[in-house]
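No lab work stands behind these numbers, since they all come straight from the coordinates. Computed from a prediction, not measured in an experiment: that's the story for all the values here. With ideal geometry, Cβ positions are generated from the backbone for all residues, glycine too; neighbour counts draw on all protein chains shown.
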């Protein structure tokens, strides 16, 4: 099994050591997408809004000076599903590489900047540092769910100090970080209990403070009274013989420098990943030396252990694991089976469904574990919302098609596994790019080499319709193992994650939905034959006495008449609305808008062809027009030049444009509904859209706007817009 779920990237060559006040605020943020000025040396590359949108703006000159010519730049960090590592592509706009992602969930984020897959460097405008990852910077998104990661008021927390000691095994002077609680008294008669807390592989003794937020966690828990006053020693575990280092060097130095207990009942040991392995190995080899033991995504061999000694000498042995993307997931399943067979008593915190092998999971593990030390606690079960670990996570054998493969955990959360063919066996860097970031934005998740293929599992994914492509050594490639295709985007593939929130995007039972036809007509504007897709409702009667109302639905720039069916899920949306009784029976025409004069194409060609082929009304009050992006601009153009031709108008992610010559009275008199939609500040048209509202207000044009649709300039937003707009048609006035 190969899982793309690293808490840190593979080490790469380092080039450098490496409409109200809300709208005003959002407009300022989004404006960086449209006109970014080259940043000065001291201008922050990262800005974070109060509502969790992170804007990256990396000066192009800095990139050029640091790594030379670059064809792509990304911000890599824990932005992926399950807080795993992912790449956010930055677009070159003016003098900067820029992008916006969000809203991000509360928590600590870490990131680095990478050009052309291998040229990684630190954000020099962010003062935070991570010793083990010189290219990393961090930032905190505040919120209730991350309140234990926030700094406490000055003077109320504990103290973190550096303790140096001589390591005989490493033959060098080494350091550890030591947290002492508020009011620590080195002369207190009763020594303090002590927790020895270990880092993971490739990390440093500083990581628990610099990335794990251990100081903030201990400070907040102590102030709340949820943690016993104790000393926490974070030592260097990068040594061949950890137990010798721990007992002869780290513990000996800590006892000399701090007022801590020597009693096993007052000593705890815990670690993450490699540190979890070191912790469990110490427990198995020297049972009874630590009364409290915690393994965070650790692993170990418990097939030959002294269960009686472990049980008698251990007050608490608690195990933790992330979801199926956690590298320790299967190892923990096997470990618990071995512990059960041996008769070792332990507690399992349950599978964390929301995080993988990363700091988000380990921070939660530390929060849970620290509250259980050196005290009686009433609850010994899993954390709320955590799941059982009943079996190993397995994926199909290599070469099984079609891909991707969907898997569910015990709560029905969906994970997706991608696998390439063997044609990329010699590739250096393979990612899968898709709309799984917040709101449907796009990030790239790295795949891992698996023999002569590349494979990776990611998630959990919310129910919805996903599109993706492979990026192989910076080239976009179609996943040939996925039979789905997008006419206007040949490298894209799609899949659906089912669920109640995606019901409107899901196929209805066979025979219960409408039909999609191809309508061919001659275009006098394009000078040739063209094609439209036409949806007719269930029970459509071409001979019905009363003609059907008709809805003309347009695509965006770089797209085609096929996109609303292949990407927009228009058929599924219309089918489900009809079966729910929400949709007026209508004919929906999706045409090719790639012409020099769309208004003429629509009125002279598309509309007449529709009347010729379908039983539709010519009454403007029974006609609707809507479009997305470029199609929205075309819709505005028809509204301005021919007000009253279509009583229902919908505009998705487009600006009104010029006010010159606009007859607002005619628009208001002839339009039953003008409904406007736009994505959030990650939608690059947002600033222009908001300006359009001011223009329309000044003209006195009547419209409806319910606020931004969460998401970017993408199909997740436009699907939601159609879901909202279609049921409104032909029901007013």
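Side notes on the structure shown:
- Which of 145, 692 has the fewest Cβ neighbours within 10 Å, and the rest in rising order: 145, 692
- Calculated FRET efficiency, residue 524 to residue 544, Cβ-Cβ distance, R0 = 25 Å: about 0.25 to the nearest 0.05.
- As a proxy for reagent exposure, 731, 720 were ordered by neighbouring Cβ count within 10 angstrom, fewest first; the result is 731, 720.
- Separation of the residue 580 and residue 43 label points, Cα + 7 Å toward Cβ, nm: 4.5 nm
- Between residue 390 and residue 694, the contour length at 0.36 nm per residue exceeds the Cα-Cα span by 103.7 nm.
- DSSP beta bridge pairing in the chain, given as percent antiparallel to the nearest 5: 65 percent
- The distance from the alpha carbon centre of segment 641-699 to that of segment 143-205 is 59 Å, rounded to a whole number.
- Averaging Cα coordinates gives a centre for segment 421-493 and one for segment 339-368; these two points are 30 Å apart.
- Dividing the helix sum by the residues of the chain, where each DSSP H run of 4 or more adds -39500 (n - 2.57), gives a mean residue ellipticity at 222 nm of -6000 deg cm²/dmol.
- Kirkwood-type radius of the chain, with distances r between different C-alpha atoms, in Å: 28.5 Å
- Viscosity 1.306 mPa s, temperature 10 °C, Stokes-Einstein D of segment 190-262 from Kirkwood C-alpha radius, µm²/s: 120 µm²/s
- Global geometry of segment 329-397, whether rounded, prolate or oblate, following the gyration tensor of its Cα atoms and the 1.5 cut on a/c: oblate
- Residue 380 paired with residue 600, simple spin-label distance in nm, labels 7 Å along Cα-to-beta-carbon: 8.3 nm
- In this simple spin-label approximation, residue 71 and residue 144 carry label points 7 Å from Cα along the Cα→Cβ vector, and these lie 4.8 nm apart.
- The mean of 1/r over all distinct Cα pairs in segment 405-498, once inverted, gives the Kirkwood hydrodynamic radius of 13.6 Å.
- P(r) tail for segment 575-689: Cα pairs beyond 19 Å make up 51% of the total.
- Nearest-0.05 FRET efficiency for residue 473 and residue 306, computed from C-beta distance (R0 45 Å): 0.30
- The residues 79, 652, when put in order of fewest to most other Cβ atoms within 10 Å, stand as 79, 652.
- Taking segment 546-571 and a reference point 7 angstrom along Cα→Cβ of residue 516, the backbone N atoms nearer than 20 Å belong to 550-571.
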